[in-house]
Amino acid sequence: MDFYTLIAQIINGLQTGSVYALVALGYSMVYGIIMLLNFAHGDIIMVGAYVVYYSIASFALPPLLAVILAVIMCTILGVAIEKVAYTPLRSAPRLSLLITAIGISFLLENGAQLLFGADQKSMSPMVKGGFSMGSVGISYAAVVTIVVSVIAMTALTILVNKTKMGKAMRAVSEDMGAAQLMGISLNRTISFTFAIGSALAGIGSALYLCAYPQSSPTMGSMLGIKAFVAAVLGGIGSIPGAMIGGFAIGILEALVAAAHLSMWKDAVVFFVLIIVLLFKPTGILGKKIQEKV
Amino acid sequence: MKKKFTIPTPASYVLNAAILFVIWLAISMMISSGVITNYWRGILITIGINIVLATSLNLACGYLGQLPLGHAGFMAVGAYAGAIFMKATPAAALIRSGNTLAVLPLFVVAVIISALVAGIFGILIGIPALRLKGDYLAIITLGFGEIIRVVLTNIDSVLGFKFTYGAAGLARIPKFTSFNICYFMVILCIFIIHTFMKSRHGRAVLSIRENEIAAESVGINTTFYKTSAFVLSAMLAGVAGCLYAGYIGSLYPSTFKFMKSIEILVMVVLGGMGSMFGSVLAAIVLTALPELLRAFSDYRMVVYSLALVLMMIFRPEGLMGDYDFSLKRIIQKIVNGIINRRKGNE
């Protein structure tokens, strides 16, 4: 593998990695706040992808409007799921919450299959063309993906660290009971977290379509699991961790593909995850939690 | 001093065995008389396989209190091990000539191989995985399950000869799983789990579920018991895989995706975690119901997932909670009720 292919593959990796990172942020934030592995998160992306597909293919909306529509729909869906399925279970054992999330994921996948059909829907790519730097070809889609996700992540970091709502989110994730005593509205904060996570998923779905312009009812499940791996790898509950994890997984996949081992891609990703979990179970940036009797 | 009527344990085993025999007799008579069609006999075998899967996952999930998401991986390992062994033996010719009795020893060896190979994988996965807790354990077993599937798909290109036949699938496996074999294996698996859980080892496992630190402080070797319960669960999943291979006749790695593990988990959770009866009941209902609802097959998966969510919201402990069916207890209750009423009349 020469130097230029390596650079090209790393850019490819950064492109998929930024999608993983955006999705991983949603996982990580939800996990940080209510300790739930939101399995339905990957399927929210699937819904977002269908919104983009239909608004461009059937209603001929301009791509930007389609993306905005997808983000709005994903946000509404995410909050609705939280209100209907997760809020009644807030005091239930964590396992029932997890099973509910799996159930919602099933429901979205099968509902989409019923509504949109099981076949893949291909669309013409939203961002075409590219340029070359030296002998490395770079597509505009990759540039757009990386730039948009970096902007989204910066905005999220500012939101969490500088605003009042962000402070409330951090407080709730640290200690739910104490935060409530300080007058923070739990319901509002948790709903807001879901809204932000789902909005990022909406952006993620549009960026995913830039890279692979097709949508299918099951596209969310593997993407979701990979993004979740990214979140765990970076340290679940940590926002910069999710970003690092996402980019790491993306680049790792691209390098494995460059070594002509793309059918082992999934295995390599999970293998790295297992190694990380065994030697540093909290991930790269996770905090260690002392267990008390 | 009130005297209570109790059934001694050996007698209750005999009683249960008799009941199981009567059920077997009834079903075989229905099969031979044609009341149960071939189609439904297939569903009965699928139910049996799912019962083994659900009860074995219940061991790791309900009794041990962990959340493994890679059960389908162990099933896959067992299925491929059993199938490759059976293909190497003259079992197919024996079945074709109708000599099913001669297949039986081969089947026994295949089941043992499946269980052992799945058990070895259980040890390999369990020892590192069980160092972690809760969600991390869930995710690491999920990862292992996916790795097993990817390896099954791609191992041929590394080995250089046809071993698992990759994504094209391992076909023409002798169909050795008959209803009788399946029925017997289900009973055997449930018996193994039951006796394990009623022994002092089972109580050690339960104590780990309740509080691991407390269990360790009273001298229970938590690592040993966690691993052994996990490995037993993996071995039985391997047995289920072997039965599946012998029933379906061809294996594809894509069958054993993450979703398969989730399906098994759904059975355990809907039935009630830690309830063997619940797992059995949920395996039966969740296998038979989609077949009965085939007319609405477009909607059945939607209804199925909706049921799961509603169940969790309104009855999170599952259908049965931790209730377990016991014929002995029911008879004792009835008899004692009658005795008490007589005393009251006197």
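The values are calculated or read from the model by the stated rules, or taken from the named source; none is laboratory data. For clarity, every value in this text was computed on a predicted model and none was experimentally measured. Counting neighbours? That spans all protein chains shown, and the Cβs are built from the backbone with ideal geometry, glycine included. Accessible surface areas use protein heavy atoms only, side chains included; no ligands, DNA or RNA. Shrake-Rupley method; radii C 1.70, N 1.55, O 1.52, S 1.80 Å.
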Please specify each residue of the range B:251-266 satisfying the condition of being over 12 Å from B:GLU146 (Cα atoms) and away from chain A (no Cβ under 11 Å).
B:LEU251, B:TYR252, B:ILE264
Output for the range A:151-169, where each listed residue is of a type outside the set (S, T, N, Q) and open to solvent by 70 Å² or more (accessible area, probe 1.4 Å)
A:ILE151, A:ILE158, A:LYS162, A:LYS164, A:LYS167
Find all pairs meeting these conditions: Cβ atoms under 8 angstrom apart; at least six residues apart or on different chains; first residue within the range B:172-200 and assigned to a loop (DSSP other than H, G, I, E, B); second residue among the hydroxyl-bearing types (Ser, Thr, Tyr) and open to solvent by 50 Å² or more (accessible area, probe 1.4 Å).
B:LYS175/B:TYR247; B:THR177/B:TYR247; B:SER178/B:THR100
When restricted to B:TYR225, B:TYR244, the only residue among the aromatic types (Phe, Trp, Tyr), in a helix (DSSP H, G or I) and crowded, with 24+ Cβ neighbours inside 10 Å is B:TYR244
Of the residues in the range B:95-121, those that are open to solvent by less than 40 Å² (accessible area, probe 1.4 Å) and farther than 19 Å from B:TYR244 by Cα come to B:ALA102
When you scan the range B:205-214, do you find a residue that is assigned to a loop (DSSP other than H, G, I, E, B), more than 9 Å from every other protein chain (Cβ to nearest Cβ) and within 24 Å of the chain's Cα centre (by Cα), even just one?
no
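Quick one: which residue in A:VAL276, A:VAL229 is within 12 Å of chain B (Cβ to nearest Cβ), within 23 Å of A:ILE146 (Cβ to Cβ) and surrounded by 20 or more Cβ atoms within 10 Å (Cβ to Cβ)?
Criteria check complete, one pass: A:VAL229.
I want to confirm something. Restricting to the range A:82-99 and keeping residues that are open to solvent by 20 Å² or more (accessible area, probe 1.4 Å) and touching a residue at least 12 places away in the same chain (Cβ under 8 Å), which single residue is nearest to the other protein chains (Cβ to nearest Cβ)?
My answer is A:ARG94.
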Any residue in the range B:133-154 that's at the interface with chain A (Cβ under 7 Å from one of its Cβ atoms) and assigned to a helix (DSSP H, G or I): show its pairings with residues that are basic (Lys, Arg) and open to solvent by 10 Å² or more (accessible area, probe 1.4 Å) at Cβ separation under 9 Å, as long as the two are six or more apart or on different chains.
B:ASP135/A:ARG94; B:GLU146/B:LYS257; B:VAL150/A:LYS265
Give the residue, chosen from B:MET273, B:MET235, that is touching a residue at least 24 places away in the same chain (Cβ under 8 Å), open to solvent by 30 Å² or more (accessible area, probe 1.4 Å) and assigned to a loop (DSSP other than H, G, I, E, B).
B:MET273
Residues being surrounded by fewer than 17 Cβ atoms within 10 Å (Cβ to Cβ), among the hydrophobic types (A, V, I, L, M, F, W, C) and modelled with pLDDT under 90 - total across the range B:167-191:
3
Is the range A:210-226 home to any residue that is away from every other protein chain (no Cβ under 12 Å), at positive phi and part of a loop (DSSP other than H, G, I, E, B)?
no
If you scan the range A:100-114, which residues turn out to be more than 7 Å from chain B (Cβ to nearest Cβ) and under 13 Å from A:GLY220 (Cα atoms)?
A:SER105, A:LEU108, A:GLU109, A:ALA112, A:GLN113
The number of residues in the range B:291-325 that are open to solvent by 30 Å² or more (accessible area, probe 1.4 Å) and either touching a strand residue (DSSP E or B) at 6+ places or on another chain (Cβ under 8 Å) or away from chain A (no Cβ under 12 Å) (or both) is 11
Among the residues of the range A:100-145, which ones are surrounded by fewer than 20 Cβ atoms within 10 Å (Cβ to Cβ) and under 19 Å from the mean Cα position of the chain (by Cα)?
A:VAL143, A:VAL144
Boolean, B:ILE284 is at pLDDT 85 or above and either away from every other protein chain (no Cβ under 14 Å) or open to solvent by 40 Å² or more (accessible area, probe 1.4 Å) (or both)
yes
